[in-house]
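Notes follow once the structure below has been shown.
The values are calculated or read from the model by the stated rules, or taken from the named source; none is laboratory data. Not measured: the values here are computed from a predicted model. Here the Cβ is made from the backbone with ideal geometry for all residues, glycine too, and neighbour counts use every protein chain on show.
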Amino acid sequence: MAMIRSGVFSISRTQLARAASEQYLRRMWPIFAAFPVFGIGAMLYGQTPLLRAIGILAIAWPMSIPARVAIASWGKAKRLMRPTWVSLDERVLYFHDDQGGGMKLPLDQVRRIDKREPYYFFETRGFNFALVPIEAFEEPARRAFERAIRA
């Protein structure tokens, strides 16, 4: 397989937090639905102030996801905020930055690959992730990239 290379891109902290939050919600939506339902029940039927307080926290918990994702992805966001490009060679996705650094992601460590506008979303074991903008690839390279990551 010939090396496939993207154009240069950068992803802001806000874009990263939003994309990660959306993916997290898509994958774990039953949990996010259950917490507020429990919270409402605890608020309405709780016999003690402690149980009602836990109900309030259960209702508020899903709203904390974007902040928690932003904190958890701080290092990744700093790396992707710089001009970055990716290359795919021999089933390994390499992230390169303008300062000579980077990251290596073997595709055999990827649990799931989603293509959701405007990103390719690589979910690894342990629910870590990497994002690559779809528009970072010109059309011929995009088709080759998609064939290679699905193989």
Handout entry: Checklist (1) assigned to a helix (DSSP H, G or I); (2) more than 30 Å from MET3 (Cβ to Cβ) applied to GLN47, failing item
Key = (1)
Practice task
Report yes if some residue within segment 74-86 is modelled with pLDDT of 95 or more and touching a Leu at 6+ places or on another chain (Cβ under 9 Å); otherwise report no.
Solution key: yes
Problem - Filter pass, VAL37 being modelled with pLDDT of 90 or more and part of a helix (DSSP H, G or I) - result: yes
Problem - Lone unmet requirement of (1) under 21 Å from MET103 (Cβ atoms); (2) in a helix (DSSP H, G or I); (3) not hydroxyl-bearing (Ser, Thr, Tyr) for MET28 - result: (1)
